[in-house]
Structure formats: C-alpha cells, structure tokens
1. Looking only at residues in segment 227-265 that are in a helix (DSSP H, G or I) and acidic (D, E), which one is farthest from A141 (Cα to Cα)?
2. Is segment 177-191 home to any residue that is part of a helix (DSSP H, G or I) and in contact with a Lys or Arg (Cβ under 7 Å, 6 or more places away or on another chain)?
3. Among the candidates A164, A217, single out the residue that is at pLDDT 90 or above and either under 26 Å from R143 (Cβ atoms) or not aliphatic (A, V, I, L, M) (or both).
4. Determine, yes or no, whether A220 is buried (at least 18 other Cβ atoms within 10 Å of the Cβ), closer than 15 Å to L155 by Cα, in contact (Cβ under 8 Å) with a residue 40 or more places away in the chain and not polar (S, T, N, Q).
5. Which ones in segment 206-228 are touching an Asp or Glu at 6+ places or on another chain (Cβ under 9 Å) and within 20 Å of L37 (Cβ to Cβ)?
6. Just to verify a result, which residue in segment 91-128, among those that are in contact with a Cys (Cβ under 9 Å, 6 or more places away or on another chain) and in a loop (DSSP other than H, G, I, E, B), is nearest to I308 (Cα to Cα)?
7. In this structure, does A107 turn out to be more than 15 Å from the chain's Cα centre (by Cα), closer than 30 Å to P200 by Cβ and surrounded by fewer than 24 Cβ atoms within 10 Å (Cβ to Cβ)?
8. Have a look at L256, L235, L230, L266 and point out the one that is more than 13 Å from D162 (Cα to Cα), crowded, with 16+ Cβ neighbours inside 10 Å and of a type outside the set (G, A, S).
Amino acid sequence: MRPPTSLFGRLLLVVAIAAVVLGLVFANDVIASRRALATHPAPGQVLDIGEADIHAICRGHTEPTLVVLHGFGGGAIDWLPLMEELAPNHRVCAFDRPGSDYSSIVATDADGILRMLHSAIGQLHIVQPVVVGHSLGGAFALRYAAQYPVAGLILVDGLSPDVADQVTKRLGSYASLAQLAKLGLLRPLAGSFVHPSYPPDLRGQMVSLRSRGSAIAAMAAEGALAHTELGTADLREAEAKLNAPLLVLAAGATELLEGEAFAESLQALANRTPNSTAIVVPDAGHYLINTHAPEVAVEITAWLANTITIPEAVHP
C-alpha cells in the first residue's frame, strides 16, 4: 500500500501515528502506576470513610495526638522523618488527602476534604488533636482548627493568610496540566515535586507514587482548589475563628519563590494571635520537616509540654 500523497491523507497519517503514540504512553502509565502500588504498598492503614478511602500512618502512643497534614503534591510519608523523632513522646498520625499517594481520588471542595479528614480522625479515636500543617497543609490545618475542636495548631513553614494569594495563584497555574497528566505524558516531571533531601529509598517511593498520571492530575486539581478556596480572604476568615494555642516554626532560609514574605507572613500571624509562639529555624529550608527533623521535634515537644492540656482520649 502506497503512503497517502494528498494533504488530507498526510494529516490522517499524522493523527493515526499520534493516536498510537498516545495510546502506548497511556498504557505504559497504567502499567507503571499499578507496579508502583505493588512495589510500594501502603505503609499505614487505609480507612473506609464511605466517601473515600483515606490512608493514615500512626506512630507512638502518648497523648496529645498530633495530626499532621502534608504540603502540595506530597503525602503522609513526607512526615516519616519527623514522626520518628516525635513518636517516643507523642502519638502522631499523618494522613494522605484525597488524591494524594494512597488515598482515593474524590472530586470535592476544601470543606469536603476537611470533613473527610475529620471522619478519618474520628475512626482512629482521636479527640481534640494538635493539628500540624506543612506548606499548603498549613492552610488546611488552619481551616480545620477553625471548624473542629483542636487542642492546638502548629504551622511548620505552613501557608498563612498574608501570603496565601501569591502562593495559591502559583499553585493554581498547575491546573492546566491535568489533561496531559491523565494521558501519562507528565511522568518525567514527578521528580521535581519531591524534595531531594529525603533518603534515597523514601525518595524513590515518593517519585514512583507521584509519577502516576492520576496522581499528577489530582495534584493539579488541588492546585486549582487552593487558588479558589485557600486564598488570603479564606484563611483570614479561618484565623478570626481560631481560639487554640498556636506555634509557628518558620524556615529562616526558605527556597520558596515568595522568599522572606513567606516567613514574614507567619510571624505576622503569630503577632496577631493570642497565646502564640513563633520560632525561626535559621538555616532551615522549606522542607525542615525532613532536613531539621530533630530540631523541629525538640521545639514541638517543648511547646506541647508548656502549652497544651492533654485531652481525654480513647484509642486502641
């Protein structure tokens, strides 16, 4: 059969080749995604809350319980280095938000995410946790603390109101990647969302999980949600309802695009909040939950001992 010579015929050939290539890329993503979950099974427990399956990792047994919420494009395993430091003195539970790592993908809004997290927290018999947020997780932690009973709030270089519009506008720009991600075309980009400071085995697990087309698409969707529902006005509304003690741990050498403005916004939040403490970790970058886990754990443990009244709780 002779190749088509007309312009229309050539276009049809190009379209057919593109369709085959896209089909192969998509099939590869499906296979690689299944392999990632088989190679790296969930290290915690997957909680069926009806609306979704929420993955949680818990370490330690001593109250108060810390509920830790990961940043944009991350997951519960991001907290493992810090959890190991905190576990001798506290119970610590990290959760994958819907669509992240081992939790199922559910189309919802910020309140829906908080409701699902609250349901998962309840399944673990956690009463009045100290909720902790890193990066974008700080915005979710602040809104959670404004809506549900908590013993305290800790932001570890977490997103705070004054700089939220700048950050969430940037995160919202990733929404345009969703369709390409679903086709499996963005797998090579996943490594750029995993901080290089993590140990090789853990970093490999992160890259494997977050290379999946569905994971990148879910991340893009969360960026869009952040832009519309976790901006400055939204977080200031949550701040006005906050009545729990606050600890802010700011990275003194952050590599974020917002730079000093990010750290200054955390200090400003602490200045406006009664019963608050602000600490700067001078040489720490944004991922101090890994790079400075021992120092962060010491500061958190000391603050908890001096500030938090241990609630009555029942858990296995």
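The values are calculated or read from the model by the stated rules, or taken from the named source; none is laboratory data. Small disclaimer: the values here were computed from a predicted structure and weren't measured. Heads up, the Cβs are rebuilt from the backbone with ideal geometry, glycines too, and the neighbour counts pull from every protein chain shown.
1. Residues of segment 227-265 that are in a helix (DSSP H, G or I), as a first pass: 227-229, 232-241, 260-265.
Add one more test, that the residue is acidic (D, E), and what stays is 229, 234, 237, 239, 260, 264.
On the way: E229: 14, D234: 13, E237: 13, E239: 11, E260: 22, E264: 19 Å.
My answer is E260.
2. Taking every residue of segment 177-191 in turn, at least one turns out to be part of a helix (DSSP H, G or I) and in contact with a Lys or Arg (Cβ under 7 Å, 6 or more places away or on another chain).
3. On inspection, the qualifying residue turns out to be A164.
4. Criteria not met by A220.
5. M206, L209, R210, S211, R212, G213, S214, A215
6. Taking the candidates together, the pick is I126.
7. It is false that A107 is more than 15 Å from the chain's Cα centre (by Cα), closer than 30 Å to P200 by Cβ and surrounded by fewer than 24 Cβ atoms within 10 Å (Cβ to Cβ).
8. Details: L235 fails: more than 13 Å from D162 (Cα to Cα); L230 fails: more than 13 Å from D162 (Cα to Cα); L266 fails: more than 13 Å from D162 (Cα to Cα).
One residue alone meets the criteria, L256.
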